[in-house]
Amino acid sequence: MIAQTEPPKCQTPGDAATAVLLYIEQKTNAGEDAEPTGISTGPISGLLAVYDGMGGAGSAIVRTPEGELKTGAYCAARLAKQTLEAHYARYVVEAVAPIANGQAFAASLRDELSRAFAMRAEETDREPSKIRSSLIRRLPTTLAAVAFDAPPPETSIAGEAGGSCQFHAFWAGDSRAYLLDPATGLHQLTRDDVKSRGDAFENLIEDSPLSNCISADQPFSIHCNSGSACAPFILLAATDGCFGFLSTPAHFEYLLLDTLFAASNLEEWNHLLTDRLRGVTGDDATLALRAIGWHGFGALKDAFSKRCALVYETYVREIDEIETKLRALHTNQPEATTDQESLREQRRNLRAQSWISYRAAYERLIPPSLP
Amino acid sequence: MEQQGIKYSVDIVLCIDATGSMSPIIDEVKSGALRFYEDLNKQMEEKSKSIDTLRLRVIAFRDYYVEGEEPLRQSAFYTLPQQKDEFSAFVRGIEADGGGDEPENGLEALALAIKSEWAKTGDKRRHVIVMWTDASAHPLEKNSGIKPPTYPQGLPQNFDELTDMWEGQSYINRSSKRLVIYSPDSYAWTDIANNWENVVHYPSKAGKGLSEVDYQEILSAIANSV
């Protein structure tokens with residue numbers, strides 16, 4: 001059960017703190033994503049975050065404070081992580097209070113990031129390039145985070161606050177935060193900052209430049225989307241290496257659930273997810289996930305078993321069967337044929353249909369687009 | 001679930017100034033054109049971006065307002081690697097000659113490039129135009145109404161119309177498009193660099209003096225999602 005305004009009536013949650021932090025580098029020791037953040041401050045409180053250093057916009061080499069030569073993208077992602085974690089520690093952990101106002105947290109985080117990035121740009125010793133382009137930025141990175149906690153006492157329903165969880169998603173760029181509910185499925189909590197303003201399916205195809213990201217040389221925004229939900233559920237943050245190379249948005253949900261279903265414990269889930277994503281992604285991939293409110297891994301699996309079967313049958317199976325046929329045809333006959341083109345056409349149509357039927361629930365918690 | 005990654009379809013149009021003033025650097029530009037797609041391909045492979053279809057076409061331009069020469073030569077799209085030899089032969093056949101003094105017809109070449117028959121299939125598409133010139137460009141409205149007989153039909157009448165072609169959706173996909181310009185700071189290249197979306201400008205005569213570091217930075221901006 002999920003809602004965006006009123007705290008919902010909830011069951012008392014389980015106490016299993018179930019977390020997955022996944023980090024895949026395309027090139028060993030040169031991953032431009034920073035390692036994900038997973039901070040737990042209680043059974044239903046903490047912070048998840050990911051940071052995707054933008055290798056295209058920030059490929060220029062800069063010297064790190066440790067004297068290493070790395071890309072601007074690499075440094076930016078790590079600086080964003082360091083800044084967010086420090087800000088969260090001051091704002092929440094040291095104050096021992098949940099985030100009461102997500103917008104205020106986002107505004108103060110943006111100020112902290114601006115300061116930190118301007119300072120780092122001053123410190124780096126890069127020769128100015130002759131290249132002019134809005135596609136190239138100094139220290140560019142995305143950020144997607146979701147902070148979660150029990151709602152403040154004044155907004156709780158007496159005696160029912162135990163399983164209710166308030167969340168705040170924060171982001172700049174096209175990394176995402178999601179809520180995965182056993183009954184209603186995967187819900188995107190962030191809205192991609194892309195120039196095309198495309199939806200999640202269009203963004204799989206279009207690869208649009210970003211309209212907003214953290215950097216040292218351009219103003220940027222940290223957006224916020226706040227809401228509440230009843231545990232048990234799963235919260236996650238992921239860079240586009242996790243969801244941007246799959247056939248449809250539903251395939252990402254299925255990837256999460258299929259690997260969950262195949263695993264016998266948390267560690268195995270992490271390995272299966274990593275293996276599966278490594279096989280499909282064309283980018284660094286980072287994911288931070290927290291299952292909130294379950295009494296153990298078995299209960300988590302049980303809760304999602306129906307949903308897993310439904311997602312496969314309704315949104316995934318037919319597309320995957322065509323892809324299997326296409327791959328077999330391509331192996332036997334690398335040159336394009338009429339059969340291949342016909343299958344590709346079928347696949348295009350099925351992908352579009354899958355998105356049409358999946359979209360309404362998936363977008364239920366997405367904030368409205370900015371004017 | 002099947003492990004099928006998303007594949008890229010990449011189209012590249014190379015616009016090369018083939019006027020006489022380019023003689024000292026035309027060989028460098030031609031080898032730059034021949035290596036551009038290989039380097040881009042390599043960059044994408046390094047990032048595990050899988051290319052399904054790669055096509056290139058070439059537009060060599062001079063000056064329609066100077067008589068007695070072939071003012072513009074363009075190829076169809078070559079599919080690589082199958083048609084690599086044909087592509088290489090076209091590029092090698094470009095000679096720097098004629099064109100008179102600057103300006104040249106770079107904007108006409110750019111308009112023709114934007115109007116290319118871009119691929120409409122592929123999971124993700126990247127449409128790239130690369131311009132090499134050592135000169136400023138004739139305004140598109142020059143000699144309006146009395147264009148030379150060989151002047152192409154259906155080109156924009158002025159710079160605003162050309163801008164609309166780039167920024168609109170009729171000719172080239174907004175998300176897929178990228179434009180790299182190696183040109184001096186002169187009309188209309190500086191305006192394009194400052195005002196158009198998804199442009200990378202290296203201000204010099206047709207890329208002269210381009211360092212390997214800057215070249216790699218340009219390739220990264222084109223090859224990666226940004």
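We did not get these values from a lab; they are worked out from the coordinates using the rules stated. From a predicted model like this one, the values you see are computed outputs, not experimental measurements. Neighbour counts run over all protein chains shown; Cβ positions are idealised from the backbone, glycine included.
Suppose R0 equals 30 Å. What FRET efficiency, 1/(1 + (r/R0)^6) with r the Cβ-Cβ distance, do A:Ala107 and A:Thr64 give to the nearest 0.05?
0.60
Stokes-Einstein at 4 °C, 1.567 mPa s, Kirkwood radius from Cα pairs: D for chain B in µm² s⁻¹?
Stokes-Einstein gives a translational diffusion coefficient of 73 µm²/s.
If you take the charge dipole of chain A about its Cα centre, with +1 on Lys and Arg Cβ and -1 on Asp and Glu Cβ, which of A:Ile39, A:Ser228, A:Ser59 is farthest toward its positive end?
A:Ser59
Where a ≥ b ≥ c are the square roots of the eigenvalues of the C-alpha gyration tensor, would you call the range B:185-226 rounded, which needs a/c under 1.5, or, failing that, prolate if a/b is larger than b/c, or oblate?
Judged from the Cα gyration tensor, the range B:185-226 comes out oblate (a/c at least 1.5, b/c at or above a/b).
For chain A, modelled as a Gaussian network with Cα springs under 10 Å, which listed residue fluctuates most, A:Arg176, A:Arg197, A:Arg327?
Judging by the Gaussian network model, the answer is A:Arg327.
Which lysines does A:Lys81 reach when only Cα atoms under 29 Å apart count, and residues fewer than 8 places away in its own chain are ignored?
A:Lys27, A:Lys70, A:Lys195, B:Lys47, B:Lys49
Mind giving me the FRET efficiency for A:Ala100 and B:Ser88? R0 is 41 Å, r the Cβ-Cβ distance, nearest 0.05 is fine.
Rounded to the nearest 0.05, the efficiency is 0.05.
Between B:Gln216 and A:Arg197, take the C-beta separation as r, use R0 = 41 Å, and let me know the FRET efficiency to the nearest 0.05.
Between B:Gln216 and A:Arg197 the formula returns 0.85.
Under a crude label model (7 Å from the Cα following the beta-carbon direction), how far is A:Glu267 from B:Glu161 in nanometres?
With each label point 7 Å from Cα toward Cβ, the separation is 6.9 nm.
Could you tell me what a quarter of the Cα convex hull surface of the range B:32-157 works out to, in nm² with one decimal place?
Average projection, Cα convex hull of the range B:32-157: 8.8 nm².
At 7 Å along the Cα-to-beta-carbon direction for both B:Asn194 and B:Asp27, put a label point, then send me their distance in nm to one decimal.
Result for the modelled spin labels: 3.8 nm.
Using a basic spin-label model with each label point 7 Å from the Cα along Cα→Cβ, how many nm lie between A:Thr28 and A:Ser40?
Here the modelled spin labels are 3.0 nm apart.
Compute the normalised compactness of the range B:138-226: alpha-carbon radius of gyration over 2.2 N^0.38 Å, N being the residue count.
For the range B:138-226, the normalised Cα radius of gyration is 1.26.
Wrap a convex hull around the Cα atoms of the protein assembly as shown, take a quarter of its surface area, and give that in square nanometres.
27.7
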